[in-house]
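Down below is the structure, laid out as structure tokens.
Read-outs: derived from the displayed coordinates by stated rules, not from any lab. Only a predicted model underlies this, so the values are computations on that prediction, with no experimental measurement involved. Don't worry about glycine lacking a Cβ; one is built from the backbone with ideal geometry, like all the others, and counts go over all protein chains shown.
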Amino acid sequence: MLDAAHFTQPEWLSYVKTQPDARFYVGGKRDGTLSGTDVDGSRGYTDAPGLSGAASRATLNIQAAFYPSAWRARELFTYDLPVLWPRHFADVSQRFFDAGSDVRDRVLDRAGVRYRILPQWRAGNRVPLAPIPQFHESFLFDFGDAPADRVSIVPSAQLVPQVQAQIEALFKDGWDSREIVLVDRVTSPAGTRGKPVEPYARIVADSPNHVVVEAGVSALDGYLVFLDSYSEDWRLTVDGQHAVLARANGLWRAVRLPPGHHRLEFHYRPRALAIGGAISLGAILCIAGLLVLDARRRQPSLPRSAVAA
């Protein structure tokens, strides 16, 4: 039995939540465990004051934010529901943990990971925001403007149809994700063409199944890049018109926009749910039909003499 106060939101997470669109990363957290040998991990972990054994490990799990969705926080490699990871996300995760520091930093920047829990030597000259309880030598750091924004306008695109090739490029040097987005298809600009404006993108409504983005594009077409998971079950409208989403940089979403101001609405409508609902409705109608038919069969029939009369 533990005091429930041990399971409240970690204090360091309050810094992260000041920027709700920013992701965080806990160095050393991998495969549902904390590794003291990981290049980004603390080389040791301590017991919580007054606790030991399983009780201390439980509080350590809280400080490592193994359940970030409970606090509505955005983590890059989350372990809330690992069995639901898309295969491509699992590939990126495994490749990331096999990589060295330079490659990891490149991926974290491209994935929009602003807040990172790391040992001081991995953070360079950055000043820690907060120590992490029970982590022997790790602190929370703010990497500021180095990471990409969750939603942004990128001026050009490169066609890379194969998902695996996009993932390979995600880890390699040689291209600036702020200037070029890798897409799996070439599409026509979506939405109403207007007067060129200074490029911008901002999220104005955000829920698990519905996101609204306002964006502006300059004289040339641009790509709105949204660093949330790609799925064919996301539906998109731009200025009220249906638009085609492209897979971007291996894991995320992009759509080509013409000059002007635009309103984009993302709706999550899983086809599996619709198919399952249709099958269930069909099954219910069949059962209802069988029950009616059975009821009619059970009704007593009148004698022929009574029918004649």
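Observations, loosely collected:
- Footprinting exposure proxy ranking of 11, 265, fewest other C-beta atoms within 10 angstrom first, gives 11, 265.
- Matching label, percent of Cα pairs over 24 Å apart computed from the structure shown, candidates [x] 65; [y] 53; [z] 61: [z]
- Relative contact order, whole percent, for the chain stands at 14, derived from Cα pairs under 8 Å and 6 or more residues apart.
- Residue 72 paired with residue 126, simple spin-label distance in nm, labels 7 Å along Cα-to-beta-carbon: 2.5
- In the chain, the longest principal axis of the Cα atoms and the axis of helix 101-110 are about 50 degrees apart.
- For residue 162 and residue 55, the difference between the fully extended length at 0.36 nm per residue and the C-alpha to C-alpha distance is 33.9 nm.
- The ranking of 102, 228, 233 by Cβ neighbour count inside 10 Å, starting from the fewest, reads 102, 233, 228.
- Sites residue 109 and residue 47, calculated FRET efficiency, Cβ-Cβ separation with R0 22 Å, nearest 0.05: 0.05
- Annotation: extensible slack from residue 37 through residue 18 equals 3.8 nm (criterion: 0.36 nm per residue apart, minus Cα-Cα distance).
- Ellipticity estimate at 222 nm from DSSP helix runs (n ≥ 4, -39,500 (n - 2.57)) divided over the chain, nearest 500: -7500 deg cm²/dmol
- Spacing of the two label points (7 Å from each Cα toward its C-beta) at residue 188 and residue 102, in nm: 4.5
- Label point distance in nm, residue 5-residue 219, each placed 7 Å from Cα along Cα→Cβ: 6.4
- Rounded tilt (10° steps) of 271-298 against the dominant C-alpha axis of the chain: 20
- Most fluctuating residue given options 172, 17, 29, as computed from a GNM of the chain linking Cα atoms under 10 Å: 172
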